Amino acid sequence: MRPILFTILALALAHIAPAKDAPATLAPLGDSRTAIIAFDKAGLNRTTLCHFNWANALNQQKYPCTGVFGISGATSDTIISTMLDPALASNPRFLVILMGVNDVRSPGFSSDHTMANIAKAADMALARGITPIVCTDPGSEHYLPAHVAFINDLNSRIADYCTRTKGAVLFDIAALASTQRAPSIILQPGWFYDGIHLQTLGAYKVGVALAALLDSLGASAPDFPGLAGNILGNPGFTGTAGKLGEGNTGVLPDLFTGGRDNANCSSAFSVNARPDGTNELVVDLKTTAQNGLGGMRVSQVIPVAEKAGGFQAGVQVEIDPGSVNLADVRAEVTLVFTDGTFAVAYDFDGTQKRDTISAIDAGGPLVLTLQSPVNLVGEGREVKSVKFVLGARVLGQGNAVLRFRNPWCRKAPASPAAN
């Protein structure tokens, strides 16, 4: 019941050979595991799409998402009825399908029924010239034996569908993320924070595999111009007139504001001139709480007036060797709507349990390129401002030195061109 992981690439290459110049946009379709970071004014609806973001970061921003097509807690029936049409309408190069975990415990569902929904999504994508990447479902470590049988049978059906269906691509997350599939499910240690959702280490590992799969399909970079069209003020980190925020020290560049999560943490900010003539923002983040979580933020509010499209943010960051207990680092873009609500999208999320960005080679820094998914305005909504945020958190007593470079925020099209 555990397919060999290397069949992923073989199946992909056997079934599809897309044009090398086709943009590589993604539309992830599914439950909470395919939702970006987003929450309403009450601070609810928090979910993560971090493995897709890792795949993007590892591949020079080749794989931006065309929208938000994940629903937390939803069954495959709900996902298909509410999200499939919008996902296809966003015209991605790849429709990435991951669903099933919520069907297992829902009355009236069977692996055959769930597979029919997955096949419907994949077949409709193929009919539009969109490549479906169908993911097996890791399931949950908390499943009863009947649940394990359901999800394992579903995964067998998914693998069979991808074998029989020309153009469908298998991404075997279940095999990658598990050490045992029967009689109970045992997931890779440290990859999941609740037995279902990926945390930083697992997101990185799955992102590496997804990036390799996408590369094998001939994906190439779309026409996303990087720093071109940057609406962020002072992306060169010049000046010293920024506001430090309570508890922080040093200097911040003009137009930026510092912040901290609580009194147990603080940051020393500085600007460093690099040999190539560019400036980098250096953050020395420290926390003193034995078991707490402390973090920093550097933000900028950008006034806008938009009723369509979306916004995206990114940055390059280098994490110094010797950084201890670093939980996460992120680039974030928040849309503030005229009705007072807001929505957030960001890249590289960690969790409030032990993560491992601590695997930093002592001989050199860990260098990341972060790019948030496109945070869409949404029909009938109007944005009055965009908040750009760079952030990081340390779990427990520790510190981290982070060097941010080339920050950007730009308006993105509602539906990036594809195919």
Computed over the range 125-206, the ratio Rg/Rh where both radii use C-alpha atoms and Rh is Kirkwood: 1.02
Relative contact order for the range 249-412, counting Cα pairs under 8 Å that sit 6 or more residues apart, in percent: 35 percent
Three-way shape label, the range 248-319, alpha-carbon gyration tensor, a/c 1.5: oblate
Amide H contacts of Asp103 (H built 1.01 Å from N, under 5 Å, at least 5 apart or other chain): Ser76
Between the range 120-169 and the range 303-323, the alpha-carbon center distance in angstrom: 33 Å
Cα pair distances exceeding 26 angstrom across the range 249-412, given as percent: 29 percent
Karplus 3J(HN,Hα) series, Hz, for the range 305-316 with 6.51 cos²θ - 1.76 cosθ + 1.60 (x for Gly, Pro): 9, 10, 10, 8, x, x, 9, 9, 9, x, 6, 9
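Since every read-out is calculated from the coordinates, none of them should be taken as a lab result. Computed from a predicted model, the values in this text were never measured in an experiment.
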